[in-house]
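FYI, it's all coordinate maths here, none of it is from the lab. None of these values were measured; they are calculated from a predicted model. Please note: Cβ atoms are built from the backbone with ideal geometry, for glycine as well, and neighbour counts cover all protein chains shown.
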C-alpha cells in the first residue's frame, strides 16, 4: 500500500500501485491512470457521478457574492463559479474508520 507519511496522492502513486497489484507495465499503467482521471473529470462536468462503495462527486454552482478583505475591510465582487463536492459512501467510511 501507499506509505503512511505521504499526505498527497499523486498520479505517480496510483500508477505504481496499479503496476504492483495488477502487473501492468509502468507506461501502460500511467496511460490507464490518465485515461481514468480524464473520464471522471468529463463525467463530473456533465452531472454528478456515483462510484459504488467509494462515494459521490457533485458540482455545485455558487452564486455571485460580495467578499471582504479582512485586513482592509475593502469589499470586492466574487464571481459565480462551480465547486466540487465529494460525499463518502458509508461502506468506504466504515473501512477508513476501522483502521
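Sorted fewest first by neighbouring Cβ atoms within 10 angstrom, 42, 19 come out as 42, 19.
Pop the C-beta distance of residue 47 and residue 78 into the FRET formula with R0 = 22 Å and round what comes out to the nearest 0.05. E between residue 47 and residue 78, to the nearest 0.05, is 0.35. Computed from the C-beta positions of residue 94 and residue 71 and an R0 of 41 Å, the FRET efficiency is 0.40 to the nearest 0.05.
Kirkwood hydrodynamic radius for the chain: how many Å is it when counted over pairs of different Cα atoms? Final number for the Kirkwood radius of the chain is 16.9 Å. Here the residues 9, 43, 32, ranked from fewest to most Cβ neighbours within 10 Å of their Cβ, fall in the order 9, 43, 32. Within the range 54-74, list the residues whose amide N lies under 17 Å from a label point set 7 Å along Cα→Cβ of residue 85. Only 55-64 fall inside the zone, counting backbone N under 17 Å. Secondary-structure-derived ellipticity at 222 nm for the chain, considering helices only, amounts to -13500 deg cm²/dmol, per-run term -39500 (n - 2.57) for DSSP H runs with n ≥ 4. Residues 35, 13, ranked from the fewest to the most other C-beta atoms within 10 Å, line up as 35, 13.
Taking every alpha-carbon pair under 8 Å whose residues sit at least 6 apart, the chain reaches a relative contact order of 19 percent. Peptides 72-83, 50-61 ranked from most to least packed, by the mean per-residue count of other Cβ atoms within 10 Å: 50-61, 72-83.
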